[in-house]
Amino acid sequence: QVQLVESGGGLVQPGGSLRLSCAASINIASVNAVGWYRQAPGKQRELVAVISRLGVINYADSVKGRFTVSRDTAKNTVALQMNGLKPEDTAVYYCNVQRGGYDSWGQGTQVTVSS
């Protein structure tokens, strides 16, 4: 079973920055993809950013140019650098690993953007 532990959420003012980190219990170099999703109150969970095994990166249109996803296969960690945060970025952010047709999720970390 894959264990994913997120950290780095919190409260930030509009325009501010946060960095989320996810530590995985498996070798992330061998999985199909790793990335981040988010779920705002009353909304469905949505993709934020994902990195494929080959290193191809995709971002949601709403975060392009502001967020940067990265992975460290030596440490089995995935990070999400979030700059220029907006109130609409407020959500619970989840780390995700896709392996063998299955999704594994972290417990989530709250990000709140408010003045």
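The values are calculated or read from the model by the stated rules, or taken from the named source; none is laboratory data. Everything numeric here is computed off the predicted structure, so don't read it as measured data. Note that we place each Cβ from the backbone using ideal geometry, even for glycine, and neighbour counts take in every protein chain shown. Note: accessible area is taken over every heavy atom of the protein model, side chains too, but ligands, DNA and RNA are not part of it. Shrake-Rupley method; radii C 1.70, N 1.55, O 1.52, S 1.80 Å.
Assorted remarks:
- Spin-label pair residue 62/residue 17, simplified geometry with 7 Å Cα→Cβ offset, distance in nm: 2.3 nm
- Were the residues from residue 86 through residue 114 laid out at 0.36 nm apart, the gain over their Cα-Cα distance would be 9.3 nm.
- Protein heavy-atom surface of the chain, 1.4 angstrom probe: 47% of the accessible area is carbon and sulfur, with nucleic acids and ligands not counted.
- Prolate/oblate/rounded call for segment 68-113, Cα gyration tensor, a/c under 1.5 rounded: oblate
- Applying D = kT/(6 pi eta Rh) to segment 4-60, where Rh is the Kirkwood radius over alpha-carbon pairs, T corresponds to 10 °C and eta to 1.306 mPa s, the Stokes-Einstein value obtained is 120 µm²/s.
- Selected from 63, 28, 96, residue furthest toward positive end of dipole (the chain; charges at beta carbon): 28
- The residues packed around residue 29, meaning those with a beta-carbon under 15 Å from its beta-carbon, carry a net charge of +3 if Lys and Arg are +1 and Asp and Glu are -1.
- The chain, relative contact order [Cα under 8 Å, separation at least 6], %: 37 percent
- Neighbour count of at most 12 Cβ within 10 Å plus DSSP loop: longest trypsin sites (Lys or Arg not before Pro)-free window in the chain: 1-42
- Rg(Cα) / (2.2 N^0.38 Å) computed for the chain, rounded to two decimals: 1.00
- For segment 81-108 and segment 36-78, distance of Cα centres in Å: 6 Å
- Take the chain with all the other protein chains still there, run a 1.4 Å probe, and you get 53 Å² of accessible area per residue.
- Compactness of segment 36-75, expressed as Rg and Dmax over alpha-carbon positions, Å: 11.7, 37
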